[in-house]
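The values are calculated or read from the model by the stated rules, or taken from the named source; none is laboratory data. Here the structure is a predicted model, which is why all the values come from computation and not from measurement. Don't worry about glycine lacking a Cβ; one is built from the backbone with ideal geometry, like all the others, and counts go over all protein chains shown. Each accessible area value is taken on the protein alone, full model and side chains, heavy atoms only, with ligands, DNA and RNA left out. Shrake-Rupley method; radii C 1.70, N 1.55, O 1.52, S 1.80 Å.
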Amino acid sequence: MKRIVILRLGHRPVRDKRITTHVGLTARAFGAEGMLLASDDPKLTDNICDVGKRWGGDFYVRNNVNWKTEIRKWKEEGGKVCHLSMYGVNLPDAVSDISECENLMIVVGAEKVPFEIYELADWNVAVGNQPHSEVAAVAVTLDRIAATDPLKKEFNDGELKIVPAERGKKVIDNRQE
Ligand code: SAM
C-alpha cells in the first residue's frame, strides 16, 4: 500500500481531546501518512504535530476538513475508503481485499457516524463485532493490512530517538550539543 490516511469524524474538542490525540499518534506510529480532522481543534492538531517534530517522520494533521469533500476527492483520485465500525464485515474476512488497494482512507467515528458514510465507504469493517475503541480499531487495522511490519518503521529527522533497552530508558537527544 502506498498511502494511508485517517479521517477522524465527530471529534468534540473537550470530550474527545485525549482519544483523538491517541488516534493520531497511533496512526502515525503504525504507518499512516496523516490524519484529516473533520472538526475545528487547532490546538490538538498542533499537539500531534509537536510530537512529530520531537520524534521524527512527516506525519501531518489537517484541521477542520469537510469529510464529504475529502471522501469524494480521495475516491475521484482512485483511492479506496474503509470505514471502521463494529457493525461491518469482520476484518479477517476483508483484509486480503483491502491490502490490494494502493491508497486507503480509514474512517473512524466518535459519536454516531452519519449513515451516508456506510454508503460512501468501499468497505465497512469491524475489528471484531464488539464495541471497543477507535484507537484499538486503528492499531489493529494498520497492523493487519501492512505489507511490512509497522513496528519496525523508522522515523527520521526527529529530535529524540529511543535506543531499545532491556531495562531503563535510553534516549538519544539531538537537541543537546
Ligand atoms: N456509538 C457510536 C456509533 O454507534 O456509531 C460509535 C462509538 S465508538 C467508541 C467510536 C468509533 O470507534 C466508531 O465510530 C468506530 O470507528 C470505532 N470502533 C469501535 N468499536 C469498533 C469495532 N469493533 N470495530 C471497528 N471499529 C470500531
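Listed values, structure above:
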| item | result |
| --- | --- |
| Candidates L91, L142 - the one that is within 12 Å of the ligand (Cβ to nearest atom), open to solvent by less than 50 Å² (accessible area, probe 1.4 Å) and modelled with pLDDT of 95 or more | L91 |
| Sole exception among (1) out of contact with any Cys (no Cβ under 8 Å at 6 or more places or on another chain); (2) more than 8 Å from the ligand (Cβ to nearest atom); (3) within 30 Å of K17 (Cβ to Cβ) for I106, by number | (1) |
| Out of M35, M86, sole residue that is closer than 18 Å to A137 by Cα and open to solvent by less than 10 Å² (accessible area, probe 1.4 Å) | M35 |
| Residue check for H132: touching a residue at least 12 places away in the same chain (Cβ under 8 Å) and open to solvent by 80 Å² or more (accessible area, probe 1.4 Å) | yes |
| Matching residues, region 46-64, being surrounded by fewer than 20 Cβ atoms within 10 Å (Cβ to Cβ) and farther than 17 Å from K161 by Cα | D46, N47, Y60, R62, N63, N64 |
| A121, sole failed condition from (1) under 15 Å from R3 (Cβ atoms); (2) more than 10 Å from the ligand (Cβ to nearest atom) | (1) |
| Strands (runs of 3 or more DSSP E) enclosed by region 1-73 - at least 1 residues per element that are farther than 25 Å from R144 by Cβ and away from the ligand (no atom under 16 Å from the Cβ) | 60-62 |
| Residue within region 149-172 that is within 13 Å of the ligand (Cβ to nearest atom) and in a helix (DSSP H, G or I) present | no |
| Only listed residue being under 22 Å from K2 (Cα atoms), buried (at least 18 other Cβ atoms within 10 Å of the Cβ) and among the hydrophobic types (A, V, I, L, M, F, W, C), chosen from A147, A137 | A137 |
| Selection from region 94-129 of residues that are open to solvent by less than 10 Å² (accessible area, probe 1.4 Å) and outside any loop (DSSP other than H, G, I, E, B) | I98, L104, M105, I106, V107, V108, I117, V125, A126 |
| Any pair with Cβ under 6 angstrom, 6 or more apart, that starts in region 45-71 at a residue that is over 13 Å from G34 (Cβ atoms) and ends at one that is in a helix (DSSP H, G or I) | I71/L120 |
| Scan of region 140-161 for residues that are of a type in the set (A, V, I, L, M) and either more than 17 Å from V89 (Cα to Cα) or free of Cβ contacts under 8 Å to residues at least 12 places away in the same chain (or both), ordered by number | A146, A147, L151, L160 |
| Residue match in region 76-87 (condition: over 21 Å from G24 (Cα atoms) and within 12 Å of the ligand (Cβ to nearest atom)) | yes |
